[in-house]
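*Asks:* This is the structure I have questions about; it appears just below.
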Amino acid sequence: MKQSAVLIPTLREVPADAEVKSHQLLLRAGFMRQNASGIYSFLPLGKRVLNNIEKIVREEMERAGSVEMLMPALQQAELWQESGRWYTYGPELMRMKDRHSREFALGATHEEVVTSLLRDEVKSYKRLPLNVYQIQTKFRDEKRPRFGLLRGREFVMKDAYSFHATAESLDDVYQKMYDAYGRIFERCGLNFRAVIADSGAMGGKDTHEFMVLSEIGEDTIAYSDTSSYAANVEMAPVVATYEKPSVQEGKLEKVATPEQKTIEEVAAFFNTEASQCIKSLLFKVDDRYALVLARGDHEVNDIKVKNYFEASTAELASPQEVKEVMNCEVGSLGPIHLPNTIEVVADHAVKAVANGIAGANEEGHHFTNVNPERDFNATYTDLRFIEVGDPSPDGEGTIKFAKGIEVGHVFKLGTRYSEAMGATFLDENGRSQPMIMGCYGIGVSRTVAAVAEQFNDENGLVWPKNVAPYHIHLIPVNMKNDDQKEVAEKLYETLLDKGYQVLMDDRQERPGVKFADSDLIGLPVRVTVGKLAAEGIVEVKVRETGESMDVSIDELQDKLA
Ligand code: ATP
Ligand code: MG
Ligand code: MG
Ligand code: MG
């Protein structure tokens, strides 16, 4: 493609509201533009990267036996009411009414739609298993869209759903999908880990997340270099004994949300970090107050114990101080669903503060095993820290921590949806059974950003070959020079004939601008047609290493192979 025909609005300055590298660089290199918060247009280069990732995903899905289809983004409320999620999904689900006042949701995910489809179309075990996928735009009204494509409100997802007559069949397909995910992210060039994940409220059993290792990841994973062990810290089992600190008897009671204050003000008062927090909550412990600054998109009335530990816990203050400084009402907000173990949890939080530990996500200090569904009945000694250097549960290594970006998630759903929605089949004995399900998601647009996050340097993006928008950036230094222009045009055609994807910078720009843009865009190989063009010599430069050499046009083919 000739660059003059492509909309690539590069920027020299770092856009003010872009906090992370991938967001900054995808904007600066002209791959995308924001329309509204969490909503983006993919410009031509961005669309090509998205296409490349989709292609990899399609190939691996087909290889794993998943078949593509496309379901509607606009979904009747009735389906979500049948599954119950209309009432539990919360404000992340975008809801709307049609002209007849019928309620709809914009698809945040498709369990309901696909389950209703299979319920109608599949009646016998003979038709199972079935595994379908789609690549489609999803809508989630994220409380805090951020980091560009990493957390959008409209984003591209690959979602697959499998249906089975037996648990063994689900195990088999789950493994195939798990393997396919590994291949997909490997082909994208990513440094990632598959980690044991938390099945949470879904109540499922096996679930794994695929985490791209990155400092800016919102998840923390515990892993070991010398063994295959890796888990989301939400799931990391107990590996060290925790010494019982002096027990704080007392109930933790939520008393107020000091929303009159900004997070920064609240944090400053409690002398703690506000950087990643979006919500502040006050808790009462006996007659003192603890502040929890929560990360993530948790509703005030839906606070679960787990979330406290994604939070920074600030120092306790006296009610007087709280009242004066926070200027907020101190009084109970009514029942909130906390397990019995909350006193212990509070105690942990207090101890963490006492030890000067800034929060649950700081390296080396993690609260674990405090997920409500699983740990309501946990006894005191079940709650422990795991720390760097602890033995990994398989005994073959020691624990380390890293931050991860969740790019994929595979999940054994079981019969959660099929039972709620009556998706049954007749088994070999003519008995009616609920279908057993699995679901498998990949954040395709998030993966674009994850690659950009892992592959960049001070000059711009550095795309791995398989996902790069083009293979070769062909740059005639001076388009007004007839030799250069002619050599470049000819080379362009030859390279296309050979099957390369080429972006030729045919603009009449200064060389400095062309090279800076080229570095920013980050195609794997640059071929510069300059002063030696008349002698049939061009320069080949590898973006990743910076290594460059002069080669004759005839030799070029070998160098590029
Ligand atoms: P997260 O924990 O980051 O909110 P999730 O667990 O809610 O993600 P899933 O429901 O598992 O997401 O969806 C499947 C995949 O879709 C995720 O693994 C992730 O890669 C991607 N995804 C989810 N939410 C977003 C978003 N707001 N923007 C971009 N990609 C997303
Ligand atoms: Mg989410
Ligand atoms: Mg998640
Ligand atoms: Mg997930």
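All of the numbers you see were taken from the coordinates with simple rules; none came from a lab. On a predicted model such as this, the values are computed, not experimentally measured, just so you know. Here Cβ is always computed from backbone atoms with ideal geometry, including for glycine, and neighbour counts include all displayed protein chains.
*Asks:* Counting pairwise Cα distances across the stretch 519-561, what percent come out greater than 14 angstrom? Don't skip to the end; give the middle numbers.
*Replies:* On the way: 397 of 903 pairs.
Value for the stretch 519-561: 44 percent of Cα pairs lie more than 14 Å apart.
*Asks:* Right, something else. State whether the stretch 68-218 is rounded, prolate or oblate according to the following rule on the C-alpha gyration tensor (a ≥ b ≥ c being the square roots of its eigenvalues): a/c under 1.5 gives rounded; otherwise a/b larger than b/c gives prolate, and the remaining case gives oblate. Can you show the working numbers first?
*Replies:* Numbers: a/c = 1.87, a/b = 1.09, b/c = 1.71.
Note, shape of the stretch 68-218 comes out oblate.
*Asks:* Of Ile8, Ile553, how do they rank once you tally other Cβ atoms within 10 Å and put the fewest first?
*Replies:* Values: Ile8 20, Ile553 17.
Ascending Cβ contact count within 10 Å gives the list Ile553, Ile8.
*Asks:* Could you tell me which residue out of Gln454, Val477, Gly430 lies farthest along the dipole of the stretch 374-516 toward its positive end? Charges go on the beta carbon: Lys and Arg +1, Asp and Glu -1, centred on the Cα centre.
*Replies:* Going by the charge dipole, the pick is Gly430.
*Asks:* Here's a follow-up. Mind listing the long-range amide H neighbours of Arg151? Cut-off is under 5 Å, sequence gap 5 or more, other chains count too, H placed in the peptide plane at 1.01 Å from N.
*Replies:* Arg146
*Asks:* Right, something else. Quick check for me: using +1 on Lys/Arg Cβ and -1 on Asp/Glu Cβ, what's the dipole size of the stretch 1-147 about its Cα centre, in debye to the nearest 20?
*Replies:* Numbers: 24 positive and 19 negative charges, 87 e Å.
For this selection, approximately 420 debye.
*Asks:* Amide H neighbours of Thr398 under 5 Å, at least 5 residues apart or on other chains, H built in the peptide plane: list them.
*Replies:* Asp225, Thr226, Ser392
*Asks:* Right, something else. Name the long-range amide H neighbours of Asp141: under 5 Å, sequence gap of 5 or more, or other chain; modelled H, no Pro or chain starts.
*Replies:* Leu93, Met94
*Asks:* Tell me, rounded to the nearest percent, the portion of alpha carbon pairs in the stretch 1-87 spaced more than 17 Å apart. Working shown, then result.
*Replies:* On the way: 2502 of 3741 pairs.
The calculated P(r) of the stretch 1-87 puts 67 percent of pairs beyond 17 Å.
*Asks:* If you place +1 on the Cβ of every Lys and Arg and -1 on the Cβ of every Asp and Glu, how big does the dipole about the Cα centre of the stretch 404-561 come out, in debye to the nearest 20? Please report the intermediate quantities before stating the final value.
*Replies:* Working: 17 positive and 26 negative charges, 127 e Å.
For this selection, approximately 600 debye.
*Asks:* Apply the Karplus curve 6.51 cos²θ - 1.76 cosθ + 1.60, θ = phi - 60°, to the phi angles in the stretch 493-505 and return the couplings in whole Hz, x for Gly and Pro.
*Replies:* With the stated coefficients, the stretch 493-505 comes to 5, 4, 5, 4, 4, 7, x, 7, 8, 10, 10, 9, 7 Hz.
*Asks:* If you add up the charges near Gln24, with Lys and Arg at +1 and Asp and Glu at -1, over every other residue whose beta carbon is less than 14 angstrom from its beta carbon, what do you get? Before the final figure, lay out the partial values.
*Replies:* Values: positive: Arg12, Lys21, Arg28, Arg33, Arg146; negative: Glu13, Asp17, Glu19, Glu453, Asp457, Glu458.
Surrounding charge for Gln24 is -1.
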